[in-house]
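Trainee: Structure provided below as structure tokens; questions to follow.
The values are calculated or read from the model by the stated rules, or taken from the named source; none is laboratory data. Keep in mind that what you see is a predicted model, and the values were worked out from it rather than measured. Positions of Cβ are backbone-derived with ideal geometry, glycine not excepted, and every protein chain shown enters the neighbour counts.
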Amino acid sequence: MSMEYKDYYKILGIGKNASAEEIGKAYKKLARKHHPDLNQGDKGAEERFKDINEAHEVLKDQEKRRLYDQLGPNWQNGQNFQRPPGFENVRFDFGGMGQGGSGFSDFFETLFGGGGGRGFSGGFGGGSPFEGAEFGPRHSAPRKGRDVEAGLRLSLEDAFNGGKKTITLAGGPGAAQRSLEVNIPAGVKNGGRIRLSGQGDQGSPGAPAGDLFLKVDIAPHPHFKLDDTDVIYDLHIPAWDGALGAKVTIPTLSGQVALNIAPGTGSGKKLRLRGKGLGSGKNRGDQLVRIFIDVTEPAGAEERKLWESLRGLGK
């Protein structure tokens, strides 16, 4: 049967002389970009993620890479392929992944999977180009499970105060929902990540599970806005409080506080309440109070007369 050639260098966007470090960097960058958890519902991203993993599996391993490189252009062009000498007794280690169950492509399985019913014909005289070599799994070091990321929606008050919170995570295909108790650090920022060790995907037998990272998403608040770690509160006052000064009570995330408005305060003035924002320690933000002067139409003749007299005094 015909089979699609996989250009692993092109998949990772690197040259054929790329170093192990360059291969690792390219893999990490692309794996993050096309991870299924970040592209839910995008089948194309899922397939690209599989190709990226497969390319990395081959190119990160010196022996598999050397064997792959010796294919040359013959595989792509469907010409007769002569097996490279010296590979009659090669055995590859796939970290405990069994034949046909690795999730890799037919191309990969044909080269490195040891046959397993995946022989093909056409261009190679039938069978694998490495027929006779010993491929297949060996005992290997256990592999830690994959890390997983999920969103965690919090109110601004919960992010400010921290504390324990029980969350429910939807299970994957065939898996049930699960509940976890999360210790939210006080002052966690929007976009911050909380790590739950051992709550990611299961590892291979004898290996630990991966970690679960919860990305914090702080919900909009009816009274406050956020600017990184600073909390912003808009205070509307009448014109006479701006002119004469006043003492008002305003809300903060830690309770009500008294605020002094200095005489002559105009719209746009910002007052700062130190340490009333998000964050912790020396990185704790502040609460900024933005002043807005409310000017309304006089309610009646007497009020209009008073405003007219004030205008006269100002001339």
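Trainee: Taking the condition of being among the polar types (S, T, N, Q) and either outside the structural domain of Arg65 (by TED's automatic domain parsing) or at pLDDT 90 or above (or both), how many residues in segment 21-49 meet it?
Mentor: Of all residues in segment 21-49, those among the polar types (S, T, N, Q) come to 39-40.
After this cut, where a residue has to be either outside the structural domain of Arg65 (by TED's automatic domain parsing) or at pLDDT 90 or above (or both) as well, the list is none.
So the count comes out to 0.
Trainee: Follow-up question, since we're still on this one. For segment 1-21, give me each residue that is part of a helix (DSSP H, G or I) and surrounded by 14 or more Cβ atoms within 10 Å (Cβ to Cβ). Lay out the reasoning, then the answer.
Mentor: Within segment 1-21, the subset part of a helix (DSSP H, G or I) is 8-12, 20-21.
Those that are part of a helix (DSSP H, G or I) and surrounded by 14 or more Cβ atoms within 10 Å (Cβ to Cβ): Tyr8, Tyr9, Ile11, Leu12.
Trainee: If a residue counts only when it is in contact with a Pro (Cβ under 9 Å, 6 or more places away or on another chain) and under 30 Å from Pro263 (Cα atoms), which strands (runs of 3 or more DSSP E) contained entirely in segment 163-241 have at least 1 such residues? Steps first, answer last, please.
Mentor: Numbers: elements: 163-169, 178-184, 193-196, 212-218, 224-227, 230-238.
Result: 224-227, 230-238.
Trainee: Continuing with the same structure: How many residues, within segment 210-246, are in contact with a Gly (Cβ under 6 Å, 6 or more places away or on another chain) and aliphatic (A, V, I, L, M)?
Mentor: Number of matching residues: 3.
Trainee: Of the residues Pro298, Pro251, which is of a type outside the set (D, E, K, R), farther than 30 Å from Ile218 by Cα and surrounded by 10 or more Cβ atoms within 10 Å (Cβ to Cβ)? I'd like the intermediate steps shown before the answer.
Mentor: Numbers: Pro251 fails: farther than 30 Å from Ile218 by Cα.
Sole residue among the options that is of a type outside the set (D, E, K, R), farther than 30 Å from Ile218 by Cα and surrounded by 10 or more Cβ atoms within 10 Å (Cβ to Cβ): Pro298.
Trainee: All but one of (1) under 19 Å from Asp241 (Cβ atoms); (2) in contact (Cβ under 8 Å) with a residue 40 or more places away in the chain; (3) of a type in the set (Lys, Arg) hold for Lys276, so report the exception by its number.
Mentor: (1)
Trainee: Run down Gly275, Gly268, Gly264, Gly255 and say which single residue is at pLDDT below 95 and over 40 Å from the mean Cα position of the chain (by Cα). Spell out how you get there, then give the answer.
Mentor: Details: Gly275 fails: over 40 Å from the mean Cα position of the chain (by Cα); Gly268 fails: over 40 Å from the mean Cα position of the chain (by Cα); Gly255 fails: over 40 Å from the mean Cα position of the chain (by Cα).
Testing whether each residue is at pLDDT below 95 and over 40 Å from the mean Cα position of the chain (by Cα) leaves just Gly264.
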